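> This is the structure, below, for whatever I ask next.
Derivation of every value follows stated rules applied to the coordinates shown; laboratory data play no part. The structure displayed is predicted, hence computed values, not measured ones. Neighbour counts run over all protein chains shown; Cβ positions are idealised from the backbone, glycine included.
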Ligand code: GUN
């Protein structure tokens, strides 16, 4: 039987890559078609405003990709850059201006922020109707209740990926490693929802989990979102598991022109041969995060017209 470890019986476990490039392209095409339609109907162009504070290399790269992706789907985008030394009040003022700008549909403040700024305060200032990152307590509350809302982009991207590949989730044991507000906690809630993808039995593991390996070995689906490069090893994964790698850590690598390599939370070479499906890094979840952000921004724009109707 495929994937089952029976003595003396050869088994074959074909692994399929969950291709973020392919799926994000397909999501972007849908977003572009809907954007073209809005324009054709004489409605407004979706507009994302991104705020970048300081010069964090990774944040610069992510925000540049987000702005470029807006262009690709026909959105308008504004990039507001601030010095690392900006005060919390100055940042609040900038966000309030965007809240009051009728043309702006979605606001994104790239995290992390410098130490003098309280991230919670900043997230709470963004108007919930423009909270395309889905981090505002109103968005999170609605998500927990299963109401329509903005879903945080990375978990939303994971759902879109599972959906694209028609991966069975109902009744499966999903183990989420990591409990961040951005990924671990929301994906654990979403996978337990009574919908598709969802209906999983979910276990959330974190830095204080004592028997992590035993729990992972029971998982049909593993979402690794702890931010430790190559943490998930082959001996922690059962045959045929679906593995979603959320890690994107820059690791020094003198052989690269940039001086670093991007590593996921999964030891891909060891784990992949055991999986039914696995996301690569790069080329997996990261691209889906951006696609999901575009979906949320489109929804923010479309909702304006639904409210008027
Ligand atoms: N930093 C890491 N991931 C994210 C994200 O999804 N949104 C924002 N705004 N910042 C991030």
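> Order of 136, 164 from fewest to most other C-beta atoms within 10 Å? Working shown, then result.
Working: 136 20, 164 16.
Ordered by Cβ neighbours within 10 Å, fewest first: 164, 136.
> If you don't mind, there's one more thing I want to ask. Over region 44-92, what relative contact order in percent results from Cα pairs under 8 Å that are six or more residues apart? All intermediate terms of the calculation are to be shown ahead of the outcome.
On the way: 53 pairs, mean separation 25.1, N = 49.
The normalised contact order for region 44-92 reaches 51 percent.
> What ranking do 69, 255 get, fewest neighbouring Cβ atoms within 10 angstrom at the top? Write down the numbers at each step before the final one.
On the way: 69 21, 255 6.
Exposure proxy ranking, most exposed first: 255, 69.
> Follow-up. Give the share of C-alpha pairs in each 5 angstrom bin for region 147-208, from 0 to the last occupied bin, in whole percents, shortest bins first.
4, 20, 29, 28, 15, 3, 1
> Dimensions of region 18-143 along principal axes (Cα, Å, largest first)?
42, 32, 28
> Next up: Give me P(r) over the chain, computed from all C-alpha to C-alpha distances, binned every 20 Å, as integer percentages.
Taking all Cα pairs of the chain, the binned fractions are 32, 57, 11, 0 percent.
> Helix-only mean residue ellipticity at 222 nm, the chain, DSSP H runs n ≥ 4 weighted -39,500 (n - 2.57), per residue, nearest 500. What is it? Intermediate values should be presented prior to the final figure.
Numbers: 10 runs with 121 residues, N = 309.
Taking each H run of at least 4 residues, the total per residue is -12000 deg cm²/dmol.
> Here's a follow-up. Give the shape of region 40-91 as rounded, prolate or oblate, defined through the alpha-carbon gyration tensor: a ≥ b ≥ c are the square roots of its eigenvalues, a/c under 1.5 means rounded, and otherwise the shape is prolate if a/b is larger than b/c and oblate if not.
Values: a/c = 5.55, a/b = 1.82, b/c = 3.05.
Oblate is the answer for region 40-91, as a/c is 1.5 or above yet b/c matches or exceeds a/b.
> Can you pull a Stokes-Einstein diffusion coefficient for region 163-250 at 20 °C (1.002 mPa s), Rh from Kirkwood over Cα pairs, as a whole number of µm²/s?
Values: Rh = 13.0 Å.
The Stokes-Einstein estimate is 165 µm²/s.
> Now for a different question. When every alpha-carbon pair in region 157-309 is counted, what percent end up more than 29 Å apart?
On the way: 2338 of 11628 pairs.
For region 157-309, the fraction of Cα-Cα distances above 29 Å is 20 percent.
> Multiply the residue gap between residue 255 and residue 58 by 0.36 nm, knock off their C-alpha separation, and tell me the result in nm, one decimal place. Write down the numbers at each step before the final one.
Details: separation 197, 0.36 × 197 = 70.92 nm, distance 1.89 nm.
Additional length available on full extension: 69.0 nm.
> Let me ask something else about it. Between residue 81 and residue 199, what is the label-point separation in nm under the 7 Å Cα-to-beta-carbon projection?
Between residue 199 and residue 81, the label points sit 4.9 nm apart.
> With 10 angstrom as the radius, rank 115, 68, 21, 172 by how many other C-beta atoms surround their C-beta, starting from the fewest. The partial results should precede the final answer.
Values: 115 7, 68 11, 21 14, 172 18.
Ordered from fewest to most neighbouring Cβ atoms within 10 Å, 115, 68, 21, 172 come out as 115, 68, 21, 172.
> Still on this structure: For region 122-177, compute the orientation-averaged projected area of the C-alpha convex hull (one quarter of its surface), in nm².
Over every viewing direction, the Cα hull of region 122-177 projects on average to 4.9 nm².
> Please work out how much length the chain gains when fully extended from residue 166 to residue 65, using 0.36 nm per residue of separation minus the C-alpha to C-alpha distance, in nm with one decimal.
Details: separation 101, 0.36 × 101 = 36.36 nm, distance 2.72 nm.
Between residue 166 and residue 65, full extension yields an extra 33.6 nm.
> Related question: So for the pair residue 214, residue 305, with labels modelled 7 Å out along Cα→Cβ, what separation do we get in nm?
5.6 nm
> Over the chain, what relative contact order in percent results from Cα pairs under 8 Å that are six or more residues apart? Walk me through the numbers on the way to the answer.
Working: 601 pairs, mean separation 65.3, N = 309.
Once divided by the residue count of the chain, the mean separation gives 21 percent.
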